[in-house]
Amino acid sequence: MLKDPTAHHLMQTRIVQDKPLTSAEEAFYGWFLTNKEFVLGRKRQLTMEDMDEFVISKENTHGISLEEVERDKKFLTTIRNGVGQKDKIERAEIFEAIVGRFAENADWFGGYVVKTLEYDDRVNGVDFVIEWESKKGTVRLGVDVTVSQLERVQTEIRKSINDLGDGHLSNVKYFRSEVDVDEETGENKKLRLSNIPKVVIHLDKETIDDLCRLALRVVAKEKGANRELERTDVATRFLSEMRDQLDGQFEYLEEMKKEKFIKLYNLLKKRILSARERINEVLEGRSF
């Protein structure tokens with residue numbers, strides 16, 4: 001097992017801040033750091049144990065070779081130790097916690113919200129994958145959540161468009177589905193996803209502060225808090241932004257007309273439209 005020299009240090013310290021947290025953010029982050037599920041998840045992430053589950057075996061015949069997993073661990077360690085890459089800022093972790101846990105419980109997106117492994121977060125720029133069950137097969141959408149300045153957000157959105165020009169969407173190498181189940185073992189399938197649509201969602205610090213206050217009320221089991229979280233207009237705004245980005249990606253593909261990529265582009269357009277269709281259904285259902 002490859003040991004990460006930064007793991008012990010990171011377990012003992014809080015994530016570096018960009019700007020001082022508000023009192024609500026401090027309170028939420030304090031709860032977050034003592035949450036058993038989060039503590040265990042962070043430990044597995046920092047030691048990279050979560051990647052070991054994907055090694056090929058008798059039970060996981062479609063897995064990844066041990067040699068390849070070890071190479072990916074070394075690459076991830078190199079990224080971790082790079083300049084400006086030590087860790088996420090606290091506010092970014094807060095945002096991811098709200099989207100990954102509270103948003104799914106409140107059914108913001110009408111599907112499963114699956115947190116990716118650190119490898120795919122850092123290497124492929126995908127923080128979550130939303131999964132929707134469908135008669136035609138599972139529909140998936142990659143999500144990059146960010147608290148960066150809007151200029152950075154626009155850069156990430158343009159990058160997704162540029163990827164389309166090269167004939168591909170986003171990949172997730174280490175993924176455990178919440179929808180697809182192995183018929184023999186009954187376990188959630190471990191998959192390598194390729195060419196899934198991806199969107200970027202952004203929140204300013206004022207909105208994060210408001211969501212922290214609301215999340216703390218949910219944790220405290222305050223009457224009406226869960227209902228308020230379900231109906232927040234933040235979810236509607238996210239869904240609208242995601243739909244708009246998918247519309248832009250589809251329009252771009254329509255204009256490409258590269259004959260050598262025609263079959264691939266038709267596949268990409270189909271996946272983009274499937275994700276957009278599910279988002280539209282969820283938006284229409286949010287007429288409270």
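The values are calculated or read from the model by the stated rules, or taken from the named source; none is laboratory data. Note that the structure is a prediction, hence the values are computed from the model and not measured. As a convention, Cβ positions derive from the backbone with ideal geometry for all residues, glycine included, and neighbour counts pool all protein chains shown.
Residues of segment 124-144 that are among the hydrophobic types (A, V, I, L, M, F, W, C) and either over 22 Å from His202 (Cβ atoms) or assigned to a loop (DSSP other than H, G, I, E, B) (or both): Val126, Trp132, Val139.
Scanning segment 183-194 for residues that are loosely packed, with under 15 Cβ neighbours inside 10 Å and among the polar types (S, T, N, Q), which turns out modelled with the lowest pLDDT?
Thr185
Among Glu90, Glu70, which is at pLDDT 85 or above and either closer than 30 Å to Ala235 by Cα or not aromatic (Phe, Trp, Tyr) (or both)? From the options Glu90, Glu70, the qualifying one is Glu70. Exactly one residue among Asp180, Asp121 is at pLDDT 90 or above and either farther than 20 Å from Gly63 by Cβ or assigned to a helix (DSSP H, G or I) (or both), and that residue is Asp121. Name the single residue that is farthest from Trp31 (Cα to Cα) among those in segment 88-142 being touching a helix residue (DSSP H, G or I) at 6+ places or on another chain (Cβ under 8 Å) and hydroxyl-bearing (Ser, Thr, Tyr). In this case the residue turns out to be Ser134.
So, Leu141, is that one over 21 Å from Ala97 (Cα atoms) and either among the polar types (S, T, N, Q) or surrounded by 16 or more Cβ atoms within 10 Å (Cβ to Cβ) (or both) or not? Answer is no for this residue.
In segment 54-78, the residues that are closer than 15 Å to Arg176 by Cβ form Cβ pairs under 8 Å with partners that are assigned to a strand (DSSP E or B) and at pLDDT 95 or above, at six or more places apart or across chains, as follows: Phe54/Tyr174; Ile64/Lys173; Ile64/Tyr174. Does Asn226 satisfy the criteria of being in contact (Cβ under 8 Å) with a residue 24 or more places away in the chain and at positive phi? In short, no.
Here Ala220 clears all of (1) over 24 Å from Thr116 (Cα atoms); (2) surrounded by 17 or more Cβ atoms within 10 Å (Cβ to Cβ) except the condition numbered (2). In segment 169-182, of all residues being free of Cβ contacts under 8 Å to residues at least 60 places away in the same chain and surrounded by 13 or more Cβ atoms within 10 Å (Cβ to Cβ), the one that is farthest from the chain's Cα centre (by Cα) corresponds to Asp182.
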